[in-house]
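Throughout, read-outs are computed from the coordinates displayed, never taken from laboratory work. The shown structure was predicted, so the numbers you read here are calculated from the model rather than taken from an experiment. Don't worry about glycine lacking a Cβ; one is built from the backbone with ideal geometry, like all the others, and counts go over all protein chains shown.
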Amino acid sequence: MENTLTVTEVSRTYGVSARMLRHYEKLGLIGSDRKEDYAYRVYRPEDIRRLRQILVLRKLRLPLKEIGAILLDPGPAAAISVFEKNLSQMDEEIRSIQAVRSVIDAFLQALRQRQTLPAGEVILQDSRLLALADALSPAATLIQEERRKIMEHLKQADQASQKLKDVRIVHLPESNVAAAHFVGDDPESRAGEMISEFVRREKLWEKHPGLRLYGFNHPSPADESGYHGYEFWITIPDGMEVKPPLQKKRFAGGTYAAHMIPMGNFEEWEWLNEWVHASDEYEYAGNGSPENMFDALEEHLNYHDHILETREGEPQTAQLDLLLPVRRKAK
């Protein structure tokens, strides 16, 4: 197949991680192919064209569900409907913002004219201000509040103190694991399939009902290929033997700062890292080496059910826990 690009080439050219490409594929937004006698997936010109369309629509802040509706419609009807809906919402938001701005401006002018009185008294004594505030519709107030939340969410990228409000401190138990490591094109998928084959062959859910799946970037030394690696760990019962290509390892467990994300939101790794560095109570406790992702882990949640629901290949994960090793700061 001529004019095709590998996962790595697409990732480098368009700034999309291999994992996000797989996520788009699982949602049916793009396709891929495999060359004859070639183990890795490749993307044809029509796949690249579809990816470029997705990237443009994402910049317009459209959710993937709406993007799918647009791209899977052979005509313009879906796109017209989505854009009309979004423009209507934006127009309503603009009207709400303008209304709230008018009230705030009126409050400001009143306060400037009565600087000897407390602000609360000025507000309650001015019937005109109260009438303006009452005129604001609940919808306008809600839309303004929603906008405020969105803006706060965007500001989190620059303000560590406001980043994550839902970080949990968890203890992961020490355990034996079967490890699958792959370096090359699309390593997450390749290592994930190795783990899935092992779990199904051993019916691991019966032997170890509490199985948990962890993963982390594990790149090889830099070389001309530019490939990176990924390693998965699946917990196994004591005494279980593991055969190549998997390896049996011992996971030491420990204390971690945990933050749950939907599949694809990997930019929140930076948020979790900054939360830890800004914490008054905890500090980073990893080894500081990029070779194994600074001892950070990604736990694929509810793997037990996913492996039973998927007959072959790597199960689709909807949610991940980002896990960063921490310890309490010395008093």
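The table that follows gives values for the structure above.
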read-out: C-alpha center-to-center spacing [the range 303-327, the range 46-98] in angstrom; value: 30
read-out: Rounded to the nearest 20 debye, dipole of the range 168-328 from Cβ charges on Lys, Arg, Asp, Glu; value: 780
read-out: Distance in nm between pseudo-label sites at Trp205 and Arg61 (7 Å out along the Cβ direction from Cα); value: 4.0
read-out: Computed FRET value (nearest 0.05) for Ile80 with Asp305, which takes r as the C-beta separation and R₀ as 56 Å; value: 0.90
read-out: Net charge contributed by nearby residues that have their C-beta within less than 14 Å of Ile307 (K/R +1, D/E -1); value: -2
read-out: Per-pair calculated FRET efficiency, R0 = 45 Å: Phe266 and Lys331 via Cβ, rounded to 0.05; value: 0.85
read-out: Pairwise centroid distance, computed over Cα atoms, of the range 251-271 with the range 188-221, Å; value: 18
read-out: Local electrostatic count, Arg250, Cβ distance below 14 Å [Lys/Arg +1, Asp/Glu -1]; value: 0
read-out: Local electrostatic count at Gln316 - Lys and Arg +1, Asp and Glu -1, tallied over other residues with Cβ under 14 Å; value: -3
